[in-house]
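Below is one structure, written out as structure tokens; the observations come after it.
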Amino acid sequence: MLGLIVGFGTLFAAFLAARWAKRAAVHTGNGVTEAAKAAAAAERQLALSEHAFTALERPYILVEIDSAGVAEQLPRLAERAAGADSKRWPIFLTYAVKNFGKTPAIVSTISAEFAIWPKIPPDYRYPPNQFLDSDFVIGAQDERAFECVSSMPYSVEAFESVGEERAFAFFIGRVDYASASGQQYETEFCWQYHPATEKRRAFISQAGCRDWNRRT
């Protein structure tokens, strides 16, 4: 609340400065040029204050996963695939869409895919999942959990290729959302699974596909 009051105060002060400078430019004779410069400076200050206020009070959506749990889970899924009649098994994980901002976020679409690929497709298009029937709101500092299941099951050979690092499991997607004022934003995310070796434990992180982690 204190931050909101300070933000409004700064924005209002910049508005008054711009207004007074404009009046000075109209009513001053010899000082028209200086008053015009002051008016332009005040207008720039107002624009900066508006931008700062928006950045301070807007929602910020990020996606979080239990990285340790996912890293331990994939080898178990490979064992299930080996024991299944069809010798194929889907991969899945639970993730959270969290609003780290100070105001609510109105989420319109979520695209999420957990899949095994040799590398991230350069033309990946984020098809929206069908479980979102309508917009929903995530309050400030609140979150909502979802489960992502791969669109296809994988063979034992596919799991073996991940273990040998000939292919990789990627959790990739995008969240489209808006602020209460209607300003549109998006968050793109990507996590890459790395199998265990003699020198390290299995892990999943965003470092391997850093360019795919973007937000507005």
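Report the label-to-label distance for Ala96 and Ser181 in nanometres (one decimal), using points 7 Å from each Cα along the Cα→Cβ vector.
In this crude spin-label approximation the distance works out to 2.9 nm.
Rg(Cα) of segment 87-216 divided by 2.2 N^0.38 Å?
Values: Rg = 16.2 Å, N = 130, 2.2 N^0.38 = 14.0 Å.
Working it through for segment 87-216, the quotient is 1.16.
Which FRET efficiency value, to the nearest 0.05, do you get for Thr109 and Met152 by plugging their Cβ-Cβ distance into 1/(1 + (r/R0)^6) with R0 = 35 Å?
Values: r = 22 Å, r/R0 = 0.62.
Efficiency for this residue pair is about 0.95.
Counting only heavy atoms of protein chains, what accessible area per residue, in Å², does segment 85-216 have with a probe of 1.4 Å? Please list the in-between numbers first.
Values: 7350 Å² over 132 residues.
Accessible area per residue, segment 85-216: 56 Å².
Arrange the residues Asp176, Asp135 by how much accessible surface each exposes, largest first, with a 1.4 angstrom probe. Before the final figure, lay out the partial values.
Numbers: Asp176 30, Asp135 95 Å².
Correct descending sequence by accessible area is Asp135, Asp176.
Could you calculate the contour length gain from Glu72 to Arg200, that is, 0.36 nm times the residue separation minus the distance between their Cα atoms, to one decimal place in nm? Display every interim value, and only then the final one.
Details: separation 128, 0.36 × 128 = 46.08 nm, distance 1.27 nm.
The span from Glu72 to Arg200 would gain 44.8 nm if fully extended.
At 7 Å along Cα-to-Cβ for each site, give me the label-to-label distance between Asp142 and Asp123 in nm.
Here the modelled spin labels are 4.0 nm apart.
Any of Lys102/Lys199; Lys98/Lys119; Lys98/Lys199 with alpha carbons more than 32 Å apart? Name them for me. All intermediate terms of the calculation are to be shown ahead of the outcome.
Working: Lys102/Lys199 42 Å; Lys98/Lys119 27 Å; Lys98/Lys199 34 Å.
In this structure, Lys102/Lys199; Lys98/Lys199 exceed 32 Å between Cα atoms.
The values are calculated or read from the model by the stated rules, or taken from the named source; none is laboratory data. Note that the structure is a prediction, hence the values are computed from the model and not measured. Because the Cβ atoms are built from the backbone with ideal geometry, glycine has one as well, and the counts that use them run over all protein chains shown. Ligands, DNA and RNA are excluded from the accessible area calculation, which covers all protein heavy atoms including side chains. Shrake-Rupley method; radii C 1.70, N 1.55, O 1.52, S 1.80 Å.
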